[in-house]
1. Among residues belonging to region 34-74 that are among the β-branched types (Val, Ile, Thr) and in a helix (DSSP H, G or I), point out the one that is modelled with the lowest pLDDT.
2. With respect to the numbered conditions (1) touching a Phe, Trp or Tyr at 6+ places or on another chain (Cβ under 6 Å); (2) not in a helix (DSSP H, G or I), which one is the sole condition not fulfilled by TRP15?
Amino acid sequence: MSKEKFAFDKSNFLWIGIGMAVVIIGFLLMTGPSSTPDHFEPDIFSARRIKVAPLVCLAGFIAIGYGVMRKSKK
């Protein structure tokens, strides 16, 4: 099969893979202890969970979008 028949080339898949890894890292940054009816966990309002992690996920989704929309060189 000719490479010209594929919509994506190696760099497209690389950008999509990097974006997926960054999104997974963002979701891992959101994890942590949760509150229970008996104990309130103030860490649910930490800057890492409500500011940093969503921005990391957004950067990953932007990288995935770039990888999908990027035109092949050939």
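The values are calculated or read from the model by the stated rules, or taken from the named source; none is laboratory data. These numbers were taken from a predicted model, which means no experiment stands behind them. Glycine also receives a Cβ, built like all others from the backbone with ideal geometry; neighbour counts cover every protein chain displayed.
1. That would be ILE44.
2. (2)
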